[in-house]
Amino acid sequence: MIKQTTSAKHQQSSMIAGIFEYMGKGISTIVAVIVLSLAASVAFAGDDEAEKKGTTRLKDIVVTGTKTPHALKDVPVETVLINREDIEKTNAQNAMDILKNIPGIDTSVHDDVFGTYTWRAKMRGLDFDAGYGLILIDGQRAMGCGQSGGMGEYGSGLNQIPVDMIERIEVVKGPSSALYGSDAVAGVINIITKKIPKKATGSAGVSYGWYKVKEEGETKPSDDGHSRNISKTYVSYGDKISDSFGYLLHYNYDSAEDIEKEPVKADRHSFMGKLDGELSKSIDLYLKCELSDYEKIDNRQEDSYRISAGIDFRPTDDDFFSFKGYTYTWDFNHGYIDKTYGHKYGDVGYDQFEIQYTRYFGDWNALTLGGEVQEQGIDYVIENADGSMVNVKEDVDTSSLYVQDEITLFEDFTLVAGLRYDDHSTFGSEVNPKLSLMYKLFKDTTFRASAGKAFKSPTLRQLYYDTPYRHGGYYCKSNPDLKPEKAVGYSASVEQWLFDQSIMINLGYFRNDVDDMVIREDTGKYYPVNVQIDPNLPLKEYRNVEEAWTQGIEFMCRTYFAEEFSASLSYTYTDSENKETGKELTYTPKHVLSILPSYELEKYGLGTSATVSYIGKQYTNSDNTDEIDAHTVVDAKIYKNLSDKAKLSFEADNIFDSDKGDEGNFRTGRTFTVKLDVTF
């Protein structure tokens, strides 16, 4: 573990049978690519380069898993780090697409175009949008839907921060309610924005792309045969005001024309400002402001505001205090012209304050105590197409206390025990424990395991609406008698480094058992009663099911042989079941595999990378009668460094124009993008 001193501051058999059945059916080509990639990386290997790439990565500091800083090689909770270099090797236009190469995360039902939804994104078979995975921005809860990819007026999506604002992403796997409370059942995604530079630094960029939309069944898009456009512009500048204070300003503009039948332009203006200060050798403070303005023409308007501040205080090398808080408001106005699916308007917000104290007892023990107060306020109206109104006005308060003890024994064994008490204004108190361990079997072999309890309160739309609301081709009814979901999660993994830390291999197993999972099912009734305004549509209602589970195997391999060449491979096998019906959970493919090789000719300033993604079939309904077919998508990019301060890139997504196995929806086809990035 790393003390937060001033110096540190700167620094089961069916599953197996399924796997073998899959491997015999369709990945021989992909396996060949892997073998060739690894062989090529050996050819380019250099001893000095290996130390530089692999060892440097292991020294990267992460904080999300334990709320205390650890070098990546020593973090006792399973954590995957995506740094800026990793991001730049992808063609990602949004944060969701960055994550598709991480085992356990499935983004296959989404398109890498600004403004498209991410409500079916999953982590270990559980939905982010339904609150099973916690999304943080700089360690703080985030929400919002349209601009960020979530679904509905209370959706939660991952695309809330433009890619060019992101410095790194920390992915913590497994139940994390012991530290983070509700919504951290499957894990935590912490999107960390760019840091303030140590000297005057600026950057800017522009990109322009074009893409076609593939037909939905027999229905072609209105502009079939013509391309739609996507574009982005950003500018960033930061400097030191004095020896003790620094700032960063970042502006980003995104625009695209959606992927529905009709092209509909959507754009977003995003601004972030940061101010950091060192009041003394033991006191640091920070202040951050984020603003976002999003509009989809004649359909959606959204504005979000976040102001956060904090103070870190280190009276001694062994004591660390943190005081931080933020206020966040998301205003929205949806469907204000075309009211076919209703008109929704109002705001949702968070106010949160947290205090944390960590005491270090030498290098072998760190005790962390914390408290948190959070208020979520909702105040909005839904006007259904039939004229009925849904009024939602609630305040949901949660007060929490947590404790965590990190103990290192014999230098090779670390045990982390955590416990959190939450007092929820609707559901009362919950206690969630977690136990994690890390054992270094050998110098380059690390075993990690964890088991924990988690809970998730139902979402606002599942619980509080007093009138059914229009949702696509049906109406949906809330259920005030829903019980909170409770889960127990287990995971274990072995991480092995080879060839002087130039290859990393990680193999792991996970299992989540969820009691009282909330599902949406058909009641057999119809709504509304005024059929002259709106025809009778099916009525669905939320209810708890007895139990559901997900389990699987995750595999990752990364190479760090040389500056010129690198490659990564990730594979996930996921099995799932609603135990009440015996059916698989929807939108949960058994097999997801991706390969990302990259190569750079530094002498000529040329580089290239590619991503090959294979996604197995997945069911789209709870009866498991409709499905999205297995499919493969290939992306690639090539870039040229025009100078040490300018880079020109050409990117091609979905090169082979796959329909992504989804003939029942409009999806993006082949996409091309040209980018220019400069620093100054």
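The values are calculated or read from the model by the stated rules, or taken from the named source; none is laboratory data. All values reported here derive from a predicted model rather than from experimental measurement. Here the Cβ positions follow ideal geometry from the backbone for every residue, glycine too, while neighbour counts run over all protein chains shown.
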One residue from 347, 363 being under 28 Å from the mean Cα position of the chain (by Cα), modelled with pLDDT of 85 or more and among the acidic types (Asp, Glu): 347
Of the criteria (1) surrounded by fewer than 22 Cβ atoms within 10 Å (Cβ to Cβ); (2) in a loop (DSSP other than H, G, I, E, B), which one residue 585 fails: (1)
Leading residue by the ranking (modelled with the highest pLDDT) among those in the range 599-624 that are surrounded by 13 or more Cβ atoms within 10 Å (Cβ to Cβ) and charged (D, E, K, R): 617
Failed condition for residue 417, given (1) buried (at least 19 other Cβ atoms within 10 Å of the Cβ); (2) under 22 Å from residue 364 (Cβ atoms): (1)
Single residue of the range 118-154 satisfying the filter (over 23 Å from residue 379 (Cα atoms) and of a type in the set (Ser, Thr, Tyr)) that is modelled with the highest pLDDT: 132
Odd one out for residue 271 among (1) aromatic (Phe, Trp, Tyr); (2) crowded, with 16+ Cβ neighbours inside 10 Å; (3) within 26 Å of the chain's Cα centre (by Cα): (2)
Helices (runs of 4 or more DSSP H) completely within the range 1-108 that count 2 or more residues being modelled with pLDDT under 65 and closer than 22 Å to residue 447 by Cβ: 13-26
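Conditions (1) within 30 Å of residue 335 (Cβ to Cβ); (2) touching a helix residue (DSSP H, G or I) at 6+ places or on another chain (Cβ under 6 Å); (3) among the acidic types (Asp, Glu), marked per residue:
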{"residue": "379", "(1), (2), (3)": "yes, no, yes"}
{"residue": "382", "(1), (2), (3)": "yes, no, no"}
{"residue": "391", "(1), (2), (3)": "yes, no, no"}
{"residue": "395", "(1), (2), (3)": "yes, no, yes"}
{"residue": "412", "(1), (2), (3)": "no, no, yes"}
{"residue": "426", "(1), (2), (3)": "yes, no, no"}
{"residue": "430", "(1), (2), (3)": "no, no, yes"}
{"residue": "443", "(1), (2), (3)": "no, no, no"}
Entirely in the range 601-668, the strands (runs of 3 or more DSSP E) that have 2 or more residues that are within 30 Å of residue 583 (Cβ to Cβ): 606-615, 631-643
